[in-house]
Amino acid sequence: MDNAVLLQSNDLAVGYRQGGNKSLVLHKDINVQLHRGEFACLLGPNGAGKSTLIKTLSGFIPKMAGKVSVNGKALADYKRNELAKVVSVVLTERLQIPNMTVFDLVALGRTPYTDFFGMLSKHDKQLVKQAIEDVGLKGFINRQLVCMSDGERQKAMIAKALVQDTPLIILDEPTAFLDLPSKIEIVQLLKKLARERNRAILLSTHDLDLALQLADKIWLLAQGRQLEAGVPEDLVLANGFRRFFEKEGILFDNESGSFKVEREQMKTIRVIGKGVEYKWLSHALNRTGYQTTVEEGNYPNIEIDSNANKAYILHQTDGSRHALRTIEDLLLQIRQE
Amino acid sequence: MEEHRVKWVLGFGLLVALLLLLFMANIGFGSVSIPFDDILNVLLGEKASRSAYTSIILMSRLPQTITAVLAGAGLAVGGLQMQTLFRNPLAGPSILGISSGAGLGVALVVLFAGNILGVTISGYGLLGHMTVVGAAFLGAFTILLLIVFFAQALRDNTILLIVGIMIGYAASAIIGVMKFYSPKEDVHAYVIWGLGSFSNVSWEHLLILIPIVLIGLVMSLLLIKPLNVLLLGENYAENLGINIRNTRLAILFCTGILTAAITAFCGPIAFLGLAVPHLTKGLFRTSDQKVLMPAVILAGAVLALFCNLIARLPGFDGALPINVVTGLIGAPIVISVIIKRRKMNANG
């Protein structure tokens, strides 16, 4: 049971019903699987239809065709309250609810299990406190939401999803408005929860770097293309990212796993050296429009002196030689030639 | 947690004490002051020291006081529900145009009948008053049905809110036209109705008003759980297993019948429904409807009794309409509470 397929779609089509009998299908023939304990990221450019897919999988909007099932049962066959115990969501919206504390918010995650008036049992309260600790908000239990940062608030929403006690957690761009450290924190937290709590977690995001580093599976989605899913490395090697994110002047570099801005390479420079200085010097030269090489040839040379007196020694093709202390000075010198 | 408990118990204690105190004050004070012993005797069905006291209390002050309690509690509940449903602090029970509908009903009877049929309703005493109440209730209920109809067609709450406000404007516009073509006396009668009053409600009226308000209040208590979840917005609420459509209809219906009945009997009591939830939230500092709903019922009754008492203070003698008092006394209170709360939030 533990590693069983939790979420499965067969030839699923997603889209919107428009007025009358018209409907707009954004994507069809989607075949994906998500296992318990797995952390998957749905990646794609804006307007790719990520949200529509997420909403369909969370049961907010009906599917247009095909099958989608959770735990072997079709999503549409779940009663409202049953579904609330199977799928929980965290959304992009920033909630500003005056007077609501973290405890109040997380406690609402117990709604599918509480009585008619929503009274919390001892067990419920225990779960709520535990979840608040699990997401790292231990000291915030009675803190008002309005007095918290966006990242802290999203952590509280994740705690809400945890106490909802669903095998599947779906997050629709929960990190969209967070700063980088908060993003990393949240994604790491999700990965940990997936593993330790044996939940299947699906996160839609723009953050390629984070997804590449932390996701067990990546689902790539772009307008007018078939969804592609797999482990990040396979997708890179199959040129998946390159094809999905191609845009004029932007290139996905399969080697580094990040985007490069394409420019006309103006001049070649030979760089001699190794280590971290070598890496960042090449970075700086590439960034400013030079191609770097280790081959000998009729180009300027830069030698990295990694001794006590760190220096970058520039040998121009005309034989002149400059020793420079920083990359900034070096770039200035090259440009002057 | 425990700290909150203590605060809440104190809050409820304060509200209950104020309610009892103001209830007695409303019966005791007025152009004729009645001693406390006599009030108790009359309320317990025994003889007062003067027979005039008995009739003043039973025929005038007691129904008026009960009306104030019902109206305050009902409107405050409506306000809290609208603020929660629409997640908008400016929402009140009259936001969906229901009280404008009541106004339209009254205008049709007072202005139109007077104008076209040559009947001056204001001259007809009790029968005339019942006609006005009936017209107000019909008008309010018509608008409520219209809102419910739109609520079923529209998924988006913000759009529903705008539709409600627009319906209110349309009703006011029609009233404006009728006022323009009506004789002065009728317009004056309409203006008087529009200023609101708790004193025109007799025991016969209360037989209708009490059950409706009680149904509304009980319903509001049954809606506590979905209202709490709706604080998170519709998407989260739906994901937590709430049937948004049915819940929204129930909330609209609950606020609708409360507002319709109270406005029909007391006129459009502005402000109470908007202000009381803010005062209550300031006092209890929670978003939990399990605490807020009963607290708002109590606080609504307390504030209505307080305003009614001011309106009847010796010297004013009914010269101050209830809407003038609620506005003049209530607005500064609300402003100060909100500013104070802001400061507390800012200080963490």
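Throughout, read-outs are computed from the coordinates displayed, never taken from laboratory work. Since this is a predicted model, take the numbers as computed values, not measurements. We place every Cβ from the backbone using ideal geometry, glycine too, and count neighbours over all the protein chains shown.
Could you tell me whether chain B comes out rounded, prolate or oblate from its Cα gyration tensor? Rule is a ≥ b ≥ c as square roots of the eigenvalues, rounded for a/c under 1.5, then prolate if a/b exceeds b/c, otherwise oblate.
Because a/c hits 1.5 or more and a/b fails to exceed b/c, chain B counts as oblate.
Extension gain A:L251-A:L180, at 0.36 nm per residue separation less the Cα-Cα distance, in nm?
Length gained between A:L251 and A:L180: 23.3 nm.
How many angstrom lie between the Cα centre of the stretch B:53-97 and the Cα centre of the stretch A:260-337?
The two parts, judged by their Cα centres, are 79 Å apart.
In µm²/s, what is D for the stretch A:14-172 at 25 °C and 0.890 mPa s, where D = kT/(6 pi eta Rh) by Stokes-Einstein and Rh is the Kirkwood radius from Cα pairs?
Answer, rounded: 142 µm²/s.
Please report the spacing between the Cα centers of the stretch A:1-68 and the stretch B:131-198 in Å, no decimals.
Answer, in whole Å: 45.
Set the bar at 26 Å for Cα to Cα. Now go through A:K50/A:K217; A:K55/A:K122; A:K122/A:K155 and name every pair that lies beyond it.
Checking Cα-Cα distances, A:K55/A:K122 exceed 26 Å.
Count the DSSP beta bridges whose two residues both fall in the stretch A:267-336, then state the antiparallel fraction as a percent rounded to the nearest 5.
Bridges in the stretch A:267-336 that DSSP calls antiparallel: roughly 55 percent.
Checking understanding here: applying a Kyte-Doolittle mean of at least 1.0 and a length along the axis of at least 15 Å (C-alpha), which whole DSSP H helices in chain B pass?
Counting only whole DSSP H runs, the qualifying helices are B:2-28, B:62-85, B:125-153, B:157-180, B:203-222, B:244-266, B:272-284, B:289-312.
For chain A, what proportion of DSSP beta bridges, expressed in % and rounded to the nearest 5, is antiparallel?
Of the beta bridges lying entirely in chain A, close to 55 percent run antiparallel.
Run the dipole for chain A about the Cα centre, Lys and Arg Cβ at +1, Asp and Glu Cβ at -1, nothing else charged, and hand back the magnitude in debye, nearest 20.
The dipole magnitude comes to about 1240 debye.
Mind jotting down the distance between the C-alpha centroids of the stretch A:110-127 and the stretch B:230-290, whole Å?
22 Å
State the answer as a single residue: which of A:V231, A:G257, A:A284 lies farthest towards the positive end of the charge dipole of the protein assembly as shown, with beta carbon charges of +1 for Lys and Arg and -1 for Asp and Glu, about the Cα centre.
Highest projection toward the positive end goes to A:V231.
So what's the back-of-envelope 222 nm ellipticity for chain B, counting only DSSP H runs of four-plus at -39500 (n - 2.57) apiece and dividing by all residues, rounded to 500?
That comes out to -24000 deg cm²/dmol.
Taking +1 at the Cβ of each Lys and Arg and -1 at the Cβ of each Asp and Glu, which of A:Q18, B:T131, B:M166 sits farthest along the dipole of the protein assembly as shown towards its positive end, judged by Cα position relative to the Cα centre?
Among A:Q18, B:T131, B:M166, the one farthest towards the positive end of the dipole of the protein assembly as shown is B:T131.
I need A:F252, B:F112 ordered by Cβ neighbour count within 10 Å, fewest first.
B:F112, A:F252
What size of dipole, in debye to the nearest 20, comes out for the stretch B:206-331 about its Cα centre when the only charges are +1 on Lys and Arg C-beta atoms and -1 on Asp and Glu C-beta atoms?
With only Lys, Arg, Asp and Glu charged at Cβ, the dipole is about 140 debye.
Looking at the P(r) of the stretch A:274-326, how many percent of alpha-carbon pairs lie beyond 17 Å?
38 percent
Within chain B, which is the longest segment that contains none of the trypsin sites (Lys or Arg not before Pro) sitting in a DSSP loop with at most 12 other Cβ atoms within 10 Å?
B:156-348
Using Cα-only point scatterers and the Debye equation, what is log10 of I(q)/I(0) for chain A at each q in 0.06, 0.12, 0.16 Å⁻¹, rounded to two decimals?
-0.32, -0.90, -1.28
Taking N as the number of residues in the stretch A:97-164, what value does Rg over Cα atoms divided by 2.2 N^0.38 Å take?
In units of the 2.2 N^0.38 Å rule of thumb, it is 1.01.
Rounded to the nearest 5, what % of the DSSP beta bridges within the protein assembly as shown are antiparallel ones?
Percent antiparallel among DSSP bridges in the protein assembly as shown is about 55.
Report, to two decimal places, the Cα Rg of the protein assembly as shown normalised by 2.2 N^0.38 Å (N = number of residues).
Expressed relative to 2.2 N^0.38 Å, the Cα Rg reads 1.29.
For the stretch B:2-346, build the charge dipole from Cβ charges (+1 Lys, Arg; -1 Asp, Glu) around the Cα centre, then report which of B:P35, B:A331, B:W203 sits farthest towards its positive end.
Final value for the positive-end residue is B:A331.
In debye, nearest 20: dipole of the stretch B:182-270 around its Cα centre with unit charges on the Cβ of K, R (+) and D, E (-)?
220 debye
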